[in-house]
Amino acid sequence: MARATLSISSKNYSSWSLRGWLLARFAGLEFSEVRVSPDDADARRELLLISPSILVPCLDHAGIRVWDTLAIAEYLNEIRPKSGLLPATRAARAHCRAVCGEMHSGFSSLRSALPMNLKGDFPGYKVWSKARGDIERITAIWRGCLEQYGGPFLFGKKRGMADAMYAPVVTRLRTYHVAVDAPCEGYGERIMAMPEMAEWIGAARLERDDIEELDMEF
């Protein structure tokens with residue numbers, strides 16, 4: 001029996017659930033999923049970006065409960081220090097934490113204008129200027145990390161905390177047909193090629209719960 005459980009909400013819509021799930025998988029932690037229905041009031045507020053705090057995902061492990069994706073990442077790094085969630089050097093770890101923190105607390109225009117929707121497909125979607133500014137900043141982060149650490153992932157050869165944090169952005173760019181430059185497109189292809197992403201997306205496509213506010217024709 002798994003020693004840990006991870007509470008998540010919709011696999012189709014919840015970017016935070018995807019981040020927490022990827023972090024646990026990257027860390028090699030055995031866990032079982034606890035699904036929180038999108039009809040749950042707290043889960044719905046999280047998905048619609050009106051919750052004052054993000055309580056999903058939530059990791060329960062060895063009698064310890066951890067919510068907030070950054071807290072989950074740091075906890076997993078403590079219990080699985082050899083998993084490579086954080087880079088080996090202090091300077092790289094500081095850089096990783098900075099770009100993860102930026103994703104965690106910023107890019108509100110991107111979140112609201114391009115909600116995660118793995119079953120959606122919106123060619124010709126109009127990306128407004130504020131969301132475009134967020135995309136430009138994110139792709140600058142990607143290019144900088146790939147150049148500095150040599151790829152194929154943001155902090156080198158092993159996927160880690162930063163890749164989990166930015167993976168939902170990769171899906172958003174594809175859902176809304178947002179073109180990016182070759183280095184960022186290549187990075188996105190590597191993220192989408194991960195078996196964990198294929199597993200998550202396959203499950204998302206089987207979900208029957210649709211949230212009208214996030215599934216409209218823009």
- request: Tabulate in residue order the Karplus-calculated ³J(HN,Hα) for the stretch 187-202, using 6.51 cos²θ - 1.76 cosθ + 1.60 with θ = phi - 60°, rounded to whole Hz; enter x for Gly and Pro.
  value: 4, x, 5, 5, 5, 5, 7, 5, x, 5, 5, 4, 5, 5, 5, x
task: Go through Val56, Pro152, Ala131 and say which Cα lies farthest out towards the positive end of the charge dipole of the chain; charges sit on Cβ, +1 for Lys and Arg, -1 for Asp and Glu.
output: Pro152
statement: Charge tally for neighbours of Val178 with beta carbon under 12 Å away, counting Lys, Arg as +1 and Asp, Glu as -1, is 0
query: What does the charge dipole of the chain about its Cα centre add up to, to the nearest 20 debye, if the Cβ of each Lys and Arg holds +1 and the Cβ of each Asp and Glu holds -1?
result: 780 debye
- line: Of all DSSP beta bridges with both partners in the chain, the antiparallel percent, nearest 5, is 65 percent
field: Interchain or long-range residues, amide H under 5 Å from Ala4's placed H
entry: Ser32
- prompt: Relative to the present Cα-Cα distance, how much length would full extension add between Lys157 and Ala4 at 0.36 nm per residue of separation?
  reply: 52.3 nm
field: Added length on full extension, which subtracts the Cα-Cα distance from 0.36 nm per residue, Ser129 to Arg190
entry: 19.2 nm
query: Residues with amide H under 5 Å of Gly156's amide H, sequence separation 5 or more or different chain, H placed in the peptide plane at 1.01 Å from N; which?
result: Gly151
³J(HN,Hα) computed for each position of the stretch 166-173 - Karplus, 6.51 cos²θ - 1.76 cosθ + 1.60, integer Hz, glycine/proline x: 9, 4, x, 5, 4, 5, 4, 4
task: Quote the convex hull volume per residue of the stretch 90-200, based on C-alpha atoms, as a whole number of Å³.
output: 96 Å³
query: Residue by residue through the stretch 20-32, which ³J(HN,Hα) values in whole Hz follow from phi under the Karplus form 6.51 cos²θ - 1.76 cosθ + 1.60 (θ = phi - 60°), with glycine and proline marked x?
result: x, 5, 4, 4, 5, 5, 4, 6, x, 7, 6, 8, 10
field: Average Cα contact separation per residue, the stretch 86-195, under 8 Å, 6 or more apart, as relative contact order %
entry: 33 percent
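Here, each number is a calculation from the coordinates, and none is a lab measurement. Because the structure is predicted, anything quoted here is derived from the model rather than measured. Cβ atoms come from the backbone with ideal geometry, glycine included; neighbour counts cover every protein chain shown.
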